[in-house]
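The block underneath contains the structure these notes are about, expressed in structure tokens.
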Amino acid sequence: MATVQASLRKTFLLRTAGGVAVISLPVCGWWYNAHLQRQKGAQEVATRIRIPGQQTVDDFLIEKCRPGDILLFDRRWETCASGPLAAAACLATKAFLTGQTGVSRSVDNGNFDHVGIIVPGYVRTRHDEFDPSNLLVLEATPQGIVARSLKTRLERTHSRSVVLLQLNAPGEQRDFVSVEGEDDGDDSKVSSRELSVRRVRKHVSRELIKFRDKWVGLGNEYKFKYLYSSLAVGGALSYGLGFNAYLTGPVSPSAWLVVMALQQSAAAQNINERNERFMVKPEDFLRADHRLGDETNPLRMRPGWRFLAPQTLRDHHV
């Protein structure tokens, strides 16, 4: 009898191991291929010939950006090199948190499942302090809470599309005033309204620097990179299955981080309801009526603050 049980146990274990191997082989092959694509893209960017003094298309795009602006990403799960769980998080987010009605119709393509916020860069030299392109993208990712160069982030992205939402402060006219001419340092030539806008902008930059340093540090301290994918999968599934009342974490970690940054910079209302704060999704930033105080949108801006029309920075749908 013992011999029969041992034989059955051995057969069961062998079949289980065989099934795991059959499933693991294509997953490992996909993961290896994703790594190769990432390495190839990084190598292409690193070896790109750059002519001193000559601006590229990305340089012109970055000139439009300021601290507080939002980047929305329509990611490709198949190129996620962070692992199967990270790819599953991307798939779950796309399945349950995208495609909502009421978003801006000026964005024709894309199911945006990830979001990051532009923050001031690190100042290591005097040149960095006055360089308008010294900007970083702060985001929650499978690598943790990271702040990466805006230009490098755009150059290396494998997303289908990337959209910029410019944050407009009360009294600001980013639609009409060029970035170069707004802040030349001569306060005697500007109106009281423009001086007020400058003060608000400086406040936003200061608060975002504090937020950047705090959350990058917390992400490293609490090993957020090991939590991100589980939080993203659990949040998306809970939202999709209607278990919103039982959520103990955000439905989208990336959107939650951006909302907290906007709240600290005083651009978004400080939502006290815990469940409501957790309910923010990436596509909520595209809601056409969010600046009008739409009560159905968990993202609520303070009076006078708004996002301008979306601008496409990357479109790889073809």
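The values are calculated or read from the model by the stated rules, or taken from the named source; none is laboratory data. No experiment lies behind these values; they were computed from the predicted model shown. Glycine also receives a Cβ, built like all others from the backbone with ideal geometry; neighbour counts cover every protein chain displayed. In case anyone asks, the SASA skips ligands and DNA or RNA and just uses the protein heavy atoms, side chains included. Shrake-Rupley method; radii C 1.70, N 1.55, O 1.52, S 1.80 Å.
Looking only at the stretch 208-232, which residues are open to solvent by less than 30 Å² (accessible area, probe 1.4 Å) and of a type in the set (Val, Ile, Thr)? Listed by number, the list holds a single entry, 216. Within the stretch 163-208, being of a type outside the set (Asp, Glu) and at pLDDT below 80 holds for 176, 177, 178, 179, 181, 185, 188, 189, 190. Only one of the numbered conditions (1) at pLDDT 85 or above; (2) exposed (fewer than 14 other Cβ atoms within 10 Å of the Cβ) is not met by residue 141, and that is (2). Could you tell me whether any residue of the stretch 194-207 is among the basic types (Lys, Arg), touching a residue at least 40 places away in the same chain (Cβ under 8 Å), surrounded by fewer than 22 Cβ atoms within 10 Å (Cβ to Cβ) and not in a helix (DSSP H, G or I)? Within the stretch 194-207 (the criterion being among the basic types (Lys, Arg), touching a residue at least 40 places away in the same chain (Cβ under 8 Å), surrounded by fewer than 22 Cβ atoms within 10 Å (Cβ to Cβ) and not in a helix (DSSP H, G or I)), the answer is no, since none of the residues qualifies. Confirm whether residue 243 is modelled with pLDDT under 90, in contact with a Pro (Cβ under 8 Å, 6 or more places away or on another chain) and either open to solvent by 30 Å² or more (accessible area, probe 1.4 Å) or closer than 25 Å to residue 163 by Cα (or both). It is false that residue 243 is modelled with pLDDT under 90, in contact with a Pro (Cβ under 8 Å, 6 or more places away or on another chain) and either open to solvent by 30 Å² or more (accessible area, probe 1.4 Å) or closer than 25 Å to residue 163 by Cα (or both).
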